[in-house]
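Report on the following structure.
The values are calculated or read from the model by the stated rules, or taken from the named source; none is laboratory data. Owing to the predicted nature of the structure, the values given are computational and were not obtained by experimental measurement. Note that we place each Cβ from the backbone using ideal geometry, even for glycine, and neighbour counts take in every protein chain shown.
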């Protein structure tokens with residue numbers, strides 16, 4: 001098995017810990033979205049990153065529904081932090097029981113949909129804490145998805161019958177998540193300022209929809225560059241295709257880190 005930098009190695013870099021504060025802002029390196037169809041493909045992709053410090057990846061529905069908890073174990077064994085992005089959205093009891101299972105997995109971040117409401121968000125947090133305590137691991141941070149970055153304001157208003165503008169709708173969901181125990185939100189970077197204005201200083205804005213200037217936006221609608229996300233107050237970036245489809249993924253990752261300012 002390829003050796004990745006361990007937790008001890010990472011502490012030696014001076015960037016230990018899941019999040020840290022820089023210039024009054026909570027920061028985190030870029031999270032690589034492992035949107036691959038199999039565990040073998042995902043792990044092969046990561047091989048060139050073996051000596052990259054503070055590696056942090058996202059496991060979404062495609063990979064998790066194929067590989068299951070085994071992919072989480074394989075990543076932990078390599079010393080890699082995991083964002084488990086399953087966007088749970090169900091009745092509170094079901095979400096609580098689901099989060100109790102996910103809380104046992106030793107991942108760093110998990111997601112729900114903020115639209116599930118106050119009771120569901122509270123239940124998710126309870127489940128995460130219960131599962132983590134049972135397994136003797138640190139509870140994952142709970143992130144609530146506001147509006148997908150593939151959704152335009154017009155789509156939101158016509159298909160979801162939300163009559164507010166996008167910043168107002170996202171701010172409302174972010175405040176709801178914060179008031180009910182979530183540690184942060186998943187949102188497009190342009191909404192970060194209104195989210196920070198309505199929540200606590202340590203409430204996290206993690207942003208997908210990140211592209212290098214020369215890259216295609218594909219199915220994303222509300223897209224920004226890493227540098228622009230930093231200016232808007234982002235606490236962390238989730239980047240997939242700009243890295244995974246690059247001719248040199250490690251070089252693309254390093255370029256994004258430089259633009260991001262870390």
Would you mind stating whether residue 86 is assigned to a helix (DSSP H, G or I) and in contact with a helix residue (DSSP H, G or I) (Cβ under 7 Å, 6 or more places away or on another chain)? no
How many of the residues in region 32-65 are surrounded by fewer than 16 Cβ atoms within 10 Å (Cβ to Cβ) and modelled with pLDDT of 95 or more? 10
Specify which of the listed residues (92, 29) is farther than 27 Å from residue 242 by Cβ, surrounded by 17 or more Cβ atoms within 10 Å (Cβ to Cβ) and either over 19 Å from the mean Cα position of the chain (by Cα) or modelled with pLDDT under 95 (or both). 92
Considering each of 117, 68 in turn, give the residue that is free of Cβ contacts under 8 Å to residues at least 24 places away in the same chain and at positive phi. 68
Filtering region 175-203 down to residues that are surrounded by 24 or more Cβ atoms within 10 Å (Cβ to Cβ) and closer than 19 Å to residue 83 by Cα, which residue is nearest to the chain's Cα centre (by Cα)? 186
Applying the selection to region 206-216, what residues are out of contact with any strand residue (DSSP E or B) (no Cβ under 6 Å at 6 or more places or on another chain) and either within 28 Å of residue 177 (Cα to Cα) or at pLDDT 90 or above (or both)? 209, 211
Only one of 71, 112 is closer than 18 Å to residue 183 by Cα and either touching a helix residue (DSSP H, G or I) at 6+ places or on another chain (Cβ under 6 Å) or not in a helix (DSSP H, G or I) (or both); which? 112
In region 244-262, the residues that are part of a helix (DSSP H, G or I) and farther than 27 Å from residue 203 by Cα: 244, 249, 250, 251, 252
Is it the case that region 38-59 has a residue that's touching a strand residue (DSSP E or B) at 6+ places or on another chain (Cβ under 7 Å), in a helix (DSSP H, G or I), within 17 Å of residue 238 (Cβ to Cβ) and in contact (Cβ under 8 Å) with a residue 24 or more places away in the chain? no
Based on what the data block shows, is residue 151 in contact (Cβ under 8 Å) with a residue 40 or more places away in the chain and not in a helix (DSSP H, G or I)? yes
